[in-house]
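Quick notes on the structure that follows.
The values are calculated or read from the model by the stated rules, or taken from the named source; none is laboratory data. Since this is a predicted model, take the numbers as computed values, not measurements. When we count neighbours, we look across all protein chains shown, and the Cβ atoms used for this are built from the backbone with ideal geometry, even at glycine.
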Amino acid sequence: MALPVAFFAVFFAWPVVSIVQRGLRPDGAWDLGAIGATLGRSDILDVLGFTVWQAAASTGLTLLVALPGAYVFARFSFPGKGVLRAVVTVPFVLPTVLVGTAFLALVGRGGFTDELWGLRLDASVWAILLAHVFFNYAVVVRTVGGLWAQLDPRQEEAARVLGASRWRAWRSVTLPALVPAVSAAALMVFLFTFTSFGVVQILGGDGYTTLEAEIYRQTARLLDLRTAAVLTLVQFAAVGAILAVHARTARRRETALRLVSPELTARRPRGAGQWALLGGVLASVAVLILLPLGVLVERSFATPEGYGLRYYRALGSLDDAGTFLVPPLEAVGNSLRYAVVATGIAVVIGGLAAAALTRRAGRLVRGFDALLMLPLGVSAVTVGFGFLITLDEPPFDLRASWILVPLAQALVGVPFVVRTMLPVLRAVDERLREAAAVLGASPWRAWREVDLPLVRRALLIAAGFAFAVSLGEFGATVFIARPDSPTLPVAVARLLGRPGELNYGQAMALSTMLMVVCAVCLLLLERLRTDRTTGEF
Amino acid sequence: MLTLEGATVRFGARAVLDAVDLEVAEHEIVCVLGPSGSGKSTLLRAVAGLRALDAGRVLLGGEDQAGTPVHRRGVGLMFQDHQLFPQRDVAGNVAFGLRMHGVPREERAARVAELLDLVGLPGAGGRAVGVLSGGEQQRVALARALAPRPRLLMLDEPLGQLDRGLRERLVVELRSLFGRLGTTVLAVTHDQGEAFALADRVVVMRDGRIVRSGTPVEVWRRPGSEFVARFLGFENVVAATVSGRAAQTAWGRVPVPEGSPQGERRLLVRPAGVRVAAAGEGLVCRVESRTFRGQHVSVALRPGDGPVLEAELPPGDAPEAGAEVSVVFRAEDVVVLDGDGRDGQSRS
């Protein structure tokens, strides 16, 4: 437990605290008046209002679209279900920058709908909301659908036999069992959209700004650390509140439910209504998830001279405008290298933390549990910038070191590792170890023979998540990646920031490559995963 | 083989095992019988070394086991819910203990095949444990526990989760198997039928103490205390004043066997010892209910005074509910109890 705590202290708490200090205590005295002053500004209030509004709207919209999906995936069996479940999960591990790019290709200027119907949604709030739904669809399907699939249908049947109508039985038996999962999913979606950065940065233009995007603007463009620090604190408080509520619902979710194997509850749809529901869900998946990805791929090949590989070839060389110091293609290698190192760090830190959380209980440990989730919500921009100002002097003079990027990425990976490992570690029955001991296994041998085989898959899944998350990390990386070694998301964002169809095409090409790497990673995970061992994600 | 001397285990202030003394001889099958919470499972865990003693000693083959960790004690334990390793197949489970003891591969394979034959699952080595039925899992767990040839095999509710028919068949199989192998067995169960069918000797536990010990026949014939009598399913217990060959009770005068303890006692009348008498003779009761049990009819009788009396009558003899009958008692089915357990060897 000491190592994870030290890691979080040095690479998370210290940078964040330092940057807040620099903003609010410029000359040795706390300038707490800044909080009031900043929060009184109407433009800041607008940002705050929009952040909350868009997060709430995104959450509502996601639930609206994804809950039928969760039902269909939980209760119906149909050909291709396994593949489809993997497909809807792809967006969740996609980098936010890429999601932004995909929607730009779909509904942006010169995009798919623009060409077909002259419909443009970029610089409108709809593009942001749709991208958020795309991104978070899997969160709801996984969290709610996973539980729904394991609820014993006989409970509902018991209610029917006792005289409840079909609707009444659902409302009084199934719904209460689902509520904690639905609220947990809703909170996660709210959290992710509340701190949305990459999507808003690309689709929002100047018209729509979230808190995180505003922190970036204040820090990087206006150098107004004071305002940035206040906003960071506001976001911190909001995220802390969301996580606290989440922890409560999670604890409630642990109440004993009768769970059965998902295979027992799914059956083929019956009657026109159910087929229509299945069709509707499939159609929404096609439009919301497959179409943006398809358009992205299509755009990467569509050059003015017809379909070709020109954009891909261009990635291999330097352009004249000086966008990059190295050919953009090198970003692929950088990203993979960084992600591998970040995954290693995240697995070690997260694994140790999860093991510590399994073995001990109590208030302190629960607090640590919540603390581990914070990097999901605390401004990545702040963390990235904090790295730059704190880790530039002994004992941690890492500013010039490449390790900075994997460290920041690992920070975001750790929560995923902990969330994935914890349920599995907790599920290893102490008596299995006892059985091994009675049969002659020493404690170390028992761990190797009993725990490791059960945990190995979860460990691989956790590593896969950490890898995908590291690959897509943008908010912190954009600050600390050196110009001569950009990562894929950073390179994509930089290309999109330049005018011209070649840059646009290259961004699409690079995004496609990023998507392929993420999708391969996820499909490997899907093969490892069974519903029994799924964690929260 | 196994000796417990004043073995004590406490959970907080409560003693789950309270100064237990127990001896299990080589090749003996001992069954610990008791209601849930009586400390049976803790007894096994203490012998296996999974639970440290707060006082007393565990000796295996004459050696104190205090410093010996679980994996070096050389005992076998079959868990209540089997605890088969889910990630291994049947053969992998059975071979586990052999691997831990460094048995070479070929010998392992031969021993696994032999054991699977023994428990009646020949050729099942490649099956996943998740697809096995309850009875099959139980057999695999047994084979796994037997594989390293433990000097003492312990069974925790070995047949608890199985249905009745299977349980009755398995208990016979187990007894003959242990007899053939000469295994020393310490089993715990809450089911008296299971204990009586399996054991050479039955030990009854209550609240962490041993209250009665003896062969199944001894325990059945002379339960000793009211607790044991009621635990064995006997409900006809009444206060009595014994003098000579008769006892004065709320049910009237009841004959008792020769040599019964005298004075203020509790008295047990086995249901089979209640006979219908000619009218005007014996205790007059009203028939409250009548339950057909196959070999006999169980009748609940309400006497004018004293507790309800249960009687086992031949189907032809049994009166209808609501009828009034007179009953008398047969001396050989009457047992004078001793609440203090001083009767016979009830405290061991």
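Looking at the stretch A:422-444, which of its residues are of a type in the set (Lys, Arg) and either touching a residue at least 60 places away in the same chain (Cβ under 8 Å) or within 7 Å of another protein chain (Cβ to nearest Cβ) (or both)?
A:426, A:431 - these are the residues of the stretch A:422-444 that are of a type in the set (Lys, Arg) and either touching a residue at least 60 places away in the same chain (Cβ under 8 Å) or within 7 Å of another protein chain (Cβ to nearest Cβ) (or both).
Out of all the residues in the stretch A:57-105, which are among the small types (Gly, Ala, Ser), farther than 23 Å from residue A:476 by Cβ and out of contact with any Pro (no Cβ under 9 Å at 6 or more places or on another chain)?
Of the residues in the stretch A:57-105, the ones among the small types (Gly, Ala, Ser) are A:57-58, A:60, A:66, A:69-70, A:74, A:77, A:80, A:82, A:86, A:100, A:102, A:105.
Those still in the list that are farther than 23 Å from residue A:476 by Cβ too: A:57, A:60, A:66, A:69-70, A:74, A:77, A:80, A:82, A:86, A:105.
Result: A:57, A:60, A:66, A:69, A:70, A:80, A:82, A:86.
Would you pick out the residues in the stretch A:135-193 that are outside any helix (DSSP H, G or I) and closer than 20 Å to residue A:68 by Cβ? Talk me through it step by step, then tell me what you get.
We begin by selecting, within the stretch A:135-193, every residue outside any helix (DSSP H, G or I); these are A:151-152, A:162-165.
A:151, the sole residue that qualifies.
Within the stretch A:445-501, how many residues turn out to be in a helix (DSSP H, G or I) and small (Gly, Ala, Ser)? So that I can check it myself, show each step before the final result.
Step one: of the stretch A:445-501, the residues in a helix (DSSP H, G or I) are A:445-472, A:477-480, A:488-496, A:501.
Those still in the list that are small (Gly, Ala, Ser) too: A:446, A:458, A:462-464, A:466, A:468, A:470, A:472, A:491, A:493.
So the answer is 11.
Just for the stretch B:49-105: of the residues that are surrounded by fewer than 18 Cβ atoms within 10 Å (Cβ to Cβ) and assigned to a helix (DSSP H, G or I), which one is farthest from the other protein chains (Cβ to nearest Cβ)?
B:105
Could you please find all residues in the stretch A:445-462 being buried (at least 24 other Cβ atoms within 10 Å of the Cβ) and touching a residue at least 24 places away in the same chain (Cβ under 8 Å)? Even if it seems obvious, please write down each step before you answer.
Going through the stretch A:445-462, the residues buried (at least 24 other Cβ atoms within 10 Å of the Cβ) turn out to be A:450, A:458, A:461-462.
Of everything in the stretch A:445-462, those that are buried (at least 24 other Cβ atoms within 10 Å of the Cβ) and touching a residue at least 24 places away in the same chain (Cβ under 8 Å) turn out to be A:458, A:461, A:462.
Taking interchain pairs and intrachain pairs at least six residues apart, which have beta carbon atoms under 9 angstrom, with the first residue in the stretch B:286-310 and within 17 Å of residue B:326 (Cβ to Cβ) and the second charged (D, E, K, R) and assigned to a loop (DSSP other than H, G, I, E, B)?
Sorted first by the residue in the stretch B:286-310, then by its partner, the pairs are B:287/B:320; B:290/B:320; B:308/B:235; B:309/B:235; B:310/B:235.
Does residue A:73 satisfy the condition of being crowded, with 24+ Cβ neighbours inside 10 Å and over 22 Å from residue A:489 (Cβ atoms)? Please lay out each step first, then the result.
On the way: crowded, with 24+ Cβ neighbours inside 10 Å: yes; over 22 Å from residue A:489 (Cβ atoms): yes.
Taking the combined requirement at face value, the residue satisfies it.
Could you grab me the full set of residues in the stretch B:112-128 that are within 14 Å of chain A (Cβ to nearest Cβ), surrounded by fewer than 20 Cβ atoms within 10 Å (Cβ to Cβ) and touching a Leu at 6+ places or on another chain (Cβ under 8 Å)?
To start, the set of residues in the stretch B:112-128 that are within 14 Å of chain A (Cβ to nearest Cβ) comprises B:112, B:115, B:128.
With the extra rule that they be surrounded by fewer than 20 Cβ atoms within 10 Å (Cβ to Cβ), the set shrinks to B:128.
If the condition is that a residue be within 14 Å of chain A (Cβ to nearest Cβ), surrounded by fewer than 20 Cβ atoms within 10 Å (Cβ to Cβ) and touching a Leu at 6+ places or on another chain (Cβ under 8 Å), then no residue fits.
Which of (1) modelled with pLDDT under 90; (2) in a helix (DSSP H, G or I) does residue B:259 not meet, given it meets every other one?
(2)
Residues that are within 12 Å of chain A (Cβ to nearest Cβ) and not hydrophobic (A, V, I, L, M, F, W, C): does the stretch B:130-146 have at least one?
There is at least one residue in the stretch B:130-146 that is within 12 Å of chain A (Cβ to nearest Cβ) and not hydrophobic (A, V, I, L, M, F, W, C).
If you check B:316, B:280, B:339, which single one turns out to be small (Gly, Ala, Ser), within 19 Å of residue B:225 (Cα to Cα) and modelled with pLDDT under 90? If you could, list the steps in order and put the result at the bottom.
Numbers: B:316 fails: within 19 Å of residue B:225 (Cα to Cα); B:280 fails: within 19 Å of residue B:225 (Cα to Cα).
Only one candidate passes the filter, namely B:339.
Of (1) under 28 Å from residue A:135 (Cα atoms); (2) surrounded by fewer than 18 Cβ atoms within 10 Å (Cβ to Cβ); (3) out of contact with any Ser or Thr (no Cβ under 9 Å at 6 or more places or on another chain); (4) not polar (S, T, N, Q), residue A:271 satisfies all except one. Which?
With (1) under 28 Å from residue A:135 (Cα atoms); (2) surrounded by fewer than 18 Cβ atoms within 10 Å (Cβ to Cβ); (3) out of contact with any Ser or Thr (no Cβ under 9 Å at 6 or more places or on another chain); (4) not polar (S, T, N, Q) applied to residue A:271, the lone miss is (1).
Given the conditions (1) out of contact with any helix residue (DSSP H, G or I) (no Cβ under 8 Å at 6 or more places or on another chain); (2) in a loop (DSSP other than H, G, I, E, B); (3) not hydrophobic (A, V, I, L, M, F, W, C), which single one is not true for residue B:241?
(2)
Just a yes or no: is a residue in the stretch B:33-40 within 12 Å of chain A (Cβ to nearest Cβ) and in a loop (DSSP other than H, G, I, E, B)?
Restricting attention to the stretch B:33-40, the residues satisfying the condition of being within 12 Å of chain A (Cβ to nearest Cβ) are none.
No, because not a single residue in the stretch B:33-40 is within 12 Å of chain A (Cβ to nearest Cβ) and in a loop (DSSP other than H, G, I, E, B).
Going through the stretch A:445-457 one residue at a time, which ones are more than 7 Å from chain B (Cβ to nearest Cβ) and in contact with a Phe, Trp or Tyr (Cβ under 8 Å, 6 or more places away or on another chain)?
A:449
Among the residues of the stretch A:115-169, how many are touching an Asp or Glu at 6+ places or on another chain (Cβ under 9 Å), farther than 23 Å from residue A:95 by Cβ, surrounded by 17 or more Cβ atoms within 10 Å (Cβ to Cβ) and not aliphatic (A, V, I, L, M)?
2
Quick one: what pairs do we get from the stretch A:139-163, first residue touching a residue at least 40 places away in the same chain (Cβ under 8 Å), second outside any helix (DSSP H, G or I) and basic (Lys, Arg), C-beta under 8 Å, 6+ apart or different chains?
A:151/A:258; A:152/A:258; A:155/A:258
Condition check ((1) in contact with a strand residue (DSSP E or B) (Cβ under 8 Å, 6 or more places away or on another chain); (2) modelled with pLDDT under 90; (3) of a type outside the set (A, V, I, L, M)) across all residues:
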{"site": "B:142", "(1), (2), (3)": "yes, no, no"}
{"site": "B:146", "(1), (2), (3)": "yes, no, no"}
{"site": "B:155", "(1), (2), (3)": "yes, no, no"}
{"site": "B:160", "(1), (2), (3)": "yes, yes, yes"}
{"site": "B:168", "(1), (2), (3)": "no, yes, yes"}
{"site": "B:185", "(1), (2), (3)": "yes, no, no"}
{"site": "B:202", "(1), (2), (3)": "yes, no, no"}
{"site": "B:242", "(1), (2), (3)": "yes, no, no"}
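Answer yes or no as to whether residue A:426 is farther than 29 Å from residue A:332 by Cβ and in a helix (DSSP H, G or I). Let's see the steps before the verdict.
Values: farther than 29 Å from residue A:332 by Cβ: yes; in a helix (DSSP H, G or I): yes.
The answer is yes for residue A:426.
From the list B:151, B:144, exactly one residue is surrounded by fewer than 19 Cβ atoms within 10 Å (Cβ to Cβ) and touching a residue at least 40 places away in the same chain (Cβ under 8 Å). Which is it? Show your work before the answer.
Working: B:144 fails: surrounded by fewer than 19 Cβ atoms within 10 Å (Cβ to Cβ).
Result of the check over B:151, B:144: B:151.
Here are some residues: B:204, B:217, B:237. Which one is touching a Lys or Arg at 6+ places or on another chain (Cβ under 9 Å) and more than 22 Å from residue B:300 (Cβ to Cβ)?
B:204 is the lone residue from the list that is touching a Lys or Arg at 6+ places or on another chain (Cβ under 9 Å) and more than 22 Å from residue B:300 (Cβ to Cβ).
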